[in-house]
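Have a look at this one.
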Amino acid sequence: MTTATVAYIGLGSNLDDPKEQVLRASRAVANLPESREIAFSGLYRSDPMGPQDQPSYINAVMALDTTLSPFELLASLQTIERDHGRVRKGVRWGPRTLDLDILLYGRACVRTESLIIPHAGLAQRPFVLYPLAEIAPPDLTIPGKGSLKMLLNACPQEGLERL
């Protein structure tokens, strides 16, 4: 019997009704095989990270209990992105219909060409940290980064609005 792992997934969109994109994607993630939703944060509006001539993003974080491996989970998330019209080309941090990121996968640390866990930008992104803090245990520690509480204290909530 495979033991389930708690994975935290970041969801974001800024095209084609972003709020609905995030909500539809959360339902698709919750229905992945060998997985079940544990919690879903509130929705947040944030300024774009990259080029500023694009719409604001809608972001959320989801906790998922899964027996999928990190790579199986990544493949499943990329399929959901494609199903939502995501095309992986063009400007880095440009506009997109859907962005799904594995933020954490238990206590695992993964560093490959296709996958980095914990997510590389997690510690500097208020649109990830604040929704994560809504649903994660208060004593959560991010491997190699420190406690969630410490990261929140070092990451101002500027430009982030809870909807």
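Values quoted throughout were computed directly from the atomic coordinates according to the rules given, and no laboratory measurement underlies them. Everything numeric in this text was worked out from a predicted model, so none of it was measured. Using ideal geometry, Cβ is built from the backbone for each residue, glycine included, and neighbour counts are taken over all protein chains shown.
Taking only C-alpha pairs under 8 Å that are 6+ residues apart, what is the relative contact order of the range 1-67 in percent?
The value is 49 percent.
Please list log₁₀ I(q)/I(0) at q = 0.12, 0.22, 0.26 Å⁻¹ for the range 55-144, using the Debye equation with identical point scatterers on the alpha-carbon positions.
Log-scaled intensity ratios, in q order: -0.40, -1.40, -1.68.
Dipole of the chain (Lys/Arg Cβ +1, Asp/Glu Cβ -1, origin at the Cα centre): which of GLN52, LEU77, CYS109 lies farthest to the positive side?
CYS109
I've got another one for you. In Å, the Kirkwood hydrodynamic radius of the range 3-106 over pairs of distinct alpha carbons?
13.8
May I pose another question? Given labels modelled 7 Å from the Cα in the Cβ direction, how far is it in nm from GLN124 to ASP53?
Result: 2.4 nm between the two label points.
Need the full-extension length gain, ALA30 to VAL87, defined as separation in residues times 0.36 nm minus the C-alpha distance. One decimal, nm.
Details: separation 57, 0.36 × 57 = 20.52 nm, distance 2.23 nm.
Full extension from ALA30 to VAL87 adds 18.3 nm.
If amide hydrogens are placed 1.01 Å from N in the peptide plane, which non-local residues have theirs closer than 5 Å to the one on ARG125?
Answer set, sorted by chain and number: none.
For the pair ILE116 and ASN153, how long in nm is the line joining their label points, each one 7 Å along Cα→Cβ?
So the label points at ILE116 and ASN153 sit 2.6 nm apart.
Hey, what did the range 5-162 get for relative contact order, percent, Cα under 8 Å, at least 6 apart?
On the way: 308 pairs, mean separation 46.4, N = 158.
Normalised by residue count, the contact order of the range 5-162 is 29 percent.
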